[in-house]
Amino acid sequence: MTKGLSKINLTALTFGFAFLYLPIVLLVIYSFNASRLVTVWGGFSTKWYVELWNNQQLIDAALRSVQVGLVSATVATVLGTMAAIVLVRLGRFPGRTLFSGMIYAPLVMPDIITGLSMLLLFVAMDLSRGMFTLMLAHITFSMCYVAIVVQSRLLTFDRSLEEAALDLGCPPAKTFFVVTLPIILPAVISGWMLAFSLSIDDAVISQFATGPGASTLPIEIFSAVRRGVSPQMNAVCTILIAIVTSGVIIASIATKRAEVARMREERAAMAGR
Amino acid sequence: MTDTVASKPEGTSPWGRRLVVAVPYLWLLVLFLTPFLIVLKISFSNKVVAQPPYEPQLDLAGGWQAIKDFFAGLTLDNYYAIFDYTENIEAYFSSLKIAATATILMLLIAYPMAYAMARAPKTIRPTLVMAVILPFWTSLLIRVYAWIGILDREGLLNASLQWLGIIDEPLEILHTEIAVYIGMVYSYLPFMVLPLYASLEKLDETLLEAAADLGCPPWKSFWQVTVPLSLPGVIAGCFLVFIPAVGEFVIPELLGGSGTYMIGQALYAEFFPNLNWPGACAIAVLLLLVLVVPIAIYQNVQTKEIEGRA
């Protein structure tokens, strides 16, 4: 429709987005509150951020989270991309139903069950719980999200380019890296980002998968939040929100630019013919 | 050459193909399926004070006799125990009730939003979609935490209502059912909006024009054309939020109170403080049994969607 939005539609959007954003905005504002009380505005202050800087336990947990996030997002992206190719390209093979089941099930599986089952596996395998088991757990649940993201890109993929490469004698593996991967790269990158953010946000599964002395930032936040609201937690949350938001916005602008550039190239190539 | 490509649709050598299947397949078998089988096994074991805190242990080295002993040692006691302990049974029912109510609330809030997004000018639609997804990228924990500061007895909501003179006494919202509903709706709303938007955006507007030309009033064409055509999105959205909401742990733990004890919390309580691993596993198995029907429907919808597009 070109005539813009009716009043009802506009109201629905305004209220919807206010509901989605207001709590986060308030949280951010009150992280700069000089007063310890949540409802009393005591003037602008950055003292809670200074306090954070001196909280070694929290900083260690944050560094651990980043490490686990980087490793598990990278491995999950490789495995998830492979899984997406299996789902879209390999057609029927024995055990396909089980495979796609195992890809979709983690998306709706309650965290608490995933966490419990992971912990019991690690106990059964006699693995001592820590960073390594955390990574194994995070890779497993986030690779399924990567698979779904990459899969939806592969479904709208123009096969003729790949076929042309293969017809010209390019080996399949090389075709994948030279032709397919560059085209699906934006989806692979957003898959990686999704995996990273899932890993760095997860509190419940991590609580089961980790051991003593290897707590992550969400685990620390969770135990602090159970004790109630504190300005210091507001500050931690604000930093995380800032990182995630700017990451997502930069990535989406970059993908859009890349897409525009690619379309221009394609058009130029067509004109050249 | 074209023929070889056609006969092997993905154009990979058999070995490469096997490798691409085998690596993610084995990973999921070992780290996703096996853990569930272990949960199932432990749910039939006995609680003991030992490390690990359950028996019997399966000792394959002991041969056939050991396997027989193992199966003889299994028990259904943990399942009986769930039914004996009313708090756990009530937790199942309240989980289903809370998840169902939250799903309906979400549908009511998300539908007008998704509808307005689908009717917005084409140029701003991607921005609107992005604006719906963006809060989802921040941690669930943070989004739930944001509400504690608002709903608390001394929180921002009570403070502003009192300041406006609407109420004299602060409202008790935190640690009640209402707080859990707010938390659920807030945390899962994007998962409801996006499938709805996807189905409403595809809607062929000439159908609505045809209805209008034939004298159908707008509200009637909404109920008879728009709503039925958006049903796939409604179904996908509802299952996508209902299933994880039943097993939700963080939201009732932080926003709920004694009246909103959910099954995820019961599982956690059995496992960590009570160290009753078999009991926790039995709760998990029963929770999965409750969810298996909705999960099957959801998977069916997903597979059809993928196959329809491929």
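The values are calculated or read from the model by the stated rules, or taken from the named source; none is laboratory data. Predicted model, so just to flag it, every value in this text is computed and none were measured. Cβ sites come from the backbone with ideal geometry, for glycine too, and all protein chains shown count toward neighbours. For the accessible areas, the whole protein counts, side chains as well, though only heavy atoms, and no ligand, DNA or RNA atoms are used. Shrake-Rupley method; radii C 1.70, N 1.55, O 1.52, S 1.80 Å.
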Q. Can you name the residue in the stretch A:157-199 that is more than 8 Å from chain B (Cβ to nearest Cβ), β-branched (Val, Ile, Thr) and out of contact with any Cys (no Cβ under 9 Å at 6 or more places or on another chain) and is also farthest from A:Phe222 (Cα to Cα) among such residues?
A. A:Thr180
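Go through the stretch B:159-206 and give me each residue that's at positive phi and in contact (Cβ under 8 Å) with a residue 40 or more places away in the chain. Lay out the reasoning, then the answer.
Kept after step one, since they are at positive phi, are these residues of the stretch B:159-206: B:165, B:175.
If the condition is that a residue be at positive phi and in contact (Cβ under 8 Å) with a residue 40 or more places away in the chain, then B:His175 is the only one that fits.
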Q: Determine, yes or no, whether B:Pro170 is within 30 Å of B:Tyr261 (Cα to Cα), in a helix (DSSP H, G or I), open to solvent by less than 50 Å² (accessible area, probe 1.4 Å) and not hydroxyl-bearing (Ser, Thr, Tyr).
A: no
Q: Would you mind finding the one in A:Ser45, A:Ser6, A:Ser72, A:Ser35 that is among the hydroxyl-bearing types (Ser, Thr, Tyr) and within 11 Å of chain B (Cβ to nearest Cβ)?
A: A:Ser6
**Q.** B:Ser221 open to solvent by less than 60 Å² (accessible area, probe 1.4 Å), of a type outside the set (A, V, I, L, M), at pLDDT below 85 and farther than 30 Å from A:Gly228 by Cβ
**A.** yes
Q: List the number of the failed condition for B:Pro112; all other conditions in (1) open to solvent by 30 Å² or more (accessible area, probe 1.4 Å); (2) at pLDDT below 90 hold.
A: (2)
Q.
Conditions first: (1) at pLDDT below 90; (2) within 12 Å of another protein chain (Cβ to nearest Cβ); (3) open to solvent by 10 Å² or more (accessible area, probe 1.4 Å). B:Leu105 passes all but one, so which condition is the exception?
A. (1)
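Residue by residue, here is whether (1) touching a His at 6+ places or on another chain (Cβ under 6 Å); (2) more than 14 Å from chain A (Cβ to nearest Cβ); (3) at pLDDT 85 or above holds:
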{"site": "B:Gly155", "(1), (2), (3)": "no, no, no"}
{"site": "B:Ile173", "(1), (2), (3)": "no, no, yes"}
{"site": "B:Tyr186", "(1), (2), (3)": "no, no, yes"}
{"site": "B:Phe191", "(1), (2), (3)": "no, no, yes"}
{"site": "B:Leu194", "(1), (2), (3)": "no, no, yes"}
{"site": "B:Asp213", "(1), (2), (3)": "no, yes, yes"}
{"site": "B:Val227", "(1), (2), (3)": "no, yes, yes"}
{"site": "B:Cys238", "(1), (2), (3)": "no, no, yes"}
{"site": "B:Val246", "(1), (2), (3)": "no, no, yes"}
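Filter the stretch A:226-254 down to the residues that are over 16 Å from the mean Cα position of the chain (by Cα) and either modelled with pLDDT under 80 or open to solvent by less than 30 Å² (accessible area, probe 1.4 Å) (or both) and list them by number.
Narrowing the stretch A:226-254 to residues over 16 Å from the mean Cα position of the chain (by Cα): A:226-239, A:253-254.
Answer for the stretch A:226-254, where residues must be over 16 Å from the mean Cα position of the chain (by Cα) and either modelled with pLDDT under 80 or open to solvent by less than 30 Å² (accessible area, probe 1.4 Å) (or both): A:Gly228, A:Val229, A:Pro231, A:Met233, A:Asn234, A:Ala235, A:Val236, A:Cys237, A:Thr238.
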Q | Set A:Met263, A:Met233: member being more than 20 Å from A:Thr114 (Cβ to Cβ), part of a helix (DSSP H, G or I) and more than 8 Å from every other protein chain (Cβ to nearest Cβ) | A | A:Met263
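Conditions tested, residue by residue: (1) of a type in the set (A, V, I, L, M, F, W, C); (2) closer than 30 Å to A:Gly130 by Cβ.
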| site | (1), (2) |
| --- | --- |
| A:Val25 | yes, no |
| A:Trp41 | yes, no |
| A:Glu51 | no, yes |
| A:Gln56 | no, yes |
| A:Val78 | yes, yes |
| A:Ala83 | yes, yes |
| A:Arg89 | no, no |
| A:Phe93 | yes, no |
(Q) What's the total number of residues in the stretch A:165-200 that are open to solvent by 50 Å² or more (accessible area, probe 1.4 Å) and outside any helix (DSSP H, G or I)? (A) 3
Q: May I ask you to list the residues in the stretch B:120-135 that are more than 9 Å from chain A (Cβ to nearest Cβ) and open to solvent by 50 Å² or more (accessible area, probe 1.4 Å)?
A: B:Thr123, B:Ile124, B:Thr127
Q. Which numbered condition trips up A:Ala214, out of (1) more than 9 Å from chain B (Cβ to nearest Cβ); (2) within 30 Å of A:Thr133 (Cβ to Cβ); (3) within 17 Å of the chain's Cα centre (by Cα); (4) open to solvent by less than 50 Å² (accessible area, probe 1.4 Å)?
A. (3)
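Identify, please: which residue in the stretch B:30-51 is polar (S, T, N, Q) and part of a helix (DSSP H, G or I) and is, among those, nearest to B:Leu286 (Cα to Cα)? Working first, answer last.
Step one: list which residues in the stretch B:30-51 are polar (S, T, N, Q), which gives B:34, B:43, B:45-46, B:51.
Narrowing the set further to residues that are part of a helix (DSSP H, G or I) leaves B:34, B:43.
On the way: B:Thr34: 18, B:Ser43: 10 Å.
Out of the qualifying residues, it is B:Ser43.
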**Q.** helices (runs of 4 or more DSSP H) within the stretch A:1-112 that include 1 or more residues open to solvent by less than 20 Å² (accessible area, probe 1.4 Å), among the aromatic types (Phe, Trp, Tyr) and touching a Cys at 6+ places or on another chain (Cβ under 8 Å)
**A.** A:96-108
Q) In the stretch B:254-289, which residue that is over 14 Å from B:Asn88 (Cα atoms) and within 16 Å of the chain's Cα centre (by Cα) is farthest from the other protein chains (Cβ to nearest Cβ)? A) B:Leu289
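Can you tell me which residue among A:Phe99, A:Phe93, A:Phe141, A:Phe132 is more than 10 Å from chain B (Cβ to nearest Cβ) and either under 19 Å from the mean Cα position of the chain (by Cα) or of a type outside the set (S, T, N, Q) (or both)? Step through it out loud before you land on a result.
Details: A:Phe99 fails: more than 10 Å from chain B (Cβ to nearest Cβ); A:Phe93 fails: more than 10 Å from chain B (Cβ to nearest Cβ); A:Phe141 fails: more than 10 Å from chain B (Cβ to nearest Cβ).
When all the criteria are applied, what remains is A:Phe132.
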